[in-house]
1. To the nearest 20 debye, what is the magnitude of the charge dipole of the chain about its Cα centre, counting +1 on the Cβ of each Lys and Arg and -1 on the Cβ of each Asp and Glu?
2. Please identify, among Glu57, Glu49, Glu40, the residue showing maximal mean-square fluctuation in a Gaussian network model of the chain using a 10 angstrom Cα cutoff.
3. Can you spot the lysines whose alpha carbon is less than 27 Å from Lys50's alpha carbon? Ignore those fewer than 8 places along the same chain.
4. Which residue, Leu15, Leu72, Leu45, tops the fluctuation ranking in a GNM of the chain built on C-alpha contacts under 10 Å?
5. Run the helix sum for the chain: -39,500 (n - 2.57) per DSSP H stretch of 4+ residues, divided by residue count, reported at 222 nm to the nearest 500 deg cm²/dmol.
6. Please compute the net charge surrounding Ile62, taking Lys and Arg as +1 and Asp and Glu as -1 over other residues with Cβ under 12 Å from its Cβ.
7. Solvent-accessible area per residue for the chain at a 1.4 Å probe radius, Å²?
8. Just how far, in whole angstrom, is region 51-73 from region 7-44 if you go by their alpha carbon centroids?
Amino acid sequence: MDIQLSEKQMDLIALKTAKIILRKMKEDEEPPREMVRSKEAARILGISEKHLRRIKERFPHIKSGNNNQGHLLFVKDALLKEYAK
């Protein structure tokens with residue numbers, strides 16, 4: 001059984017396939033993580049901001065802003081998990 005499809009039909013099939021794949025990928029994505037600044041992170045852990053900055057590598061974080069004036073942002077769930085230990 002040989003089926004002949006026009007270029008337009010093949011394009012429509014490809015487009016529908018791409019939409020299905022993108023929708024599935026979005027369903028599989030992790031929800032965005034809530035981030036908190038170092039002041040809030042230190043409060044959650046019950047330590048000073050100064051101490052948190054010394055041990056920051058123990059927690060998932062990013063630096064936001066430029067090199068001189070940036071802020072440290074920590075993943076709130078990871079801090080709560082550490083506090084619960």
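1. Working: 19 positive and 13 negative charges, 147 e Å.
Computed about the Cα centre, the dipole is about 700 debye.
2. Top of the fluctuation ranking is Glu57.
3. Lys39, Lys63, Lys76, Lys81, Lys85
4. Leu15
5. -16000 deg cm²/dmol
6. Here the count lands on +4.
7. 88
8. What the calculation gives is 26 Å, centre to centre.
The values are calculated or read from the model by the stated rules, or taken from the named source; none is laboratory data. Since this is a predicted model, take the numbers as computed values, not measurements. Cβ atoms come from the backbone with ideal geometry, glycine included; neighbour counts cover every protein chain shown. Just the protein is used for accessible areas: all its heavy atoms, side chains included, with ligands, DNA and RNA removed. Shrake-Rupley method; radii C 1.70, N 1.55, O 1.52, S 1.80 Å.
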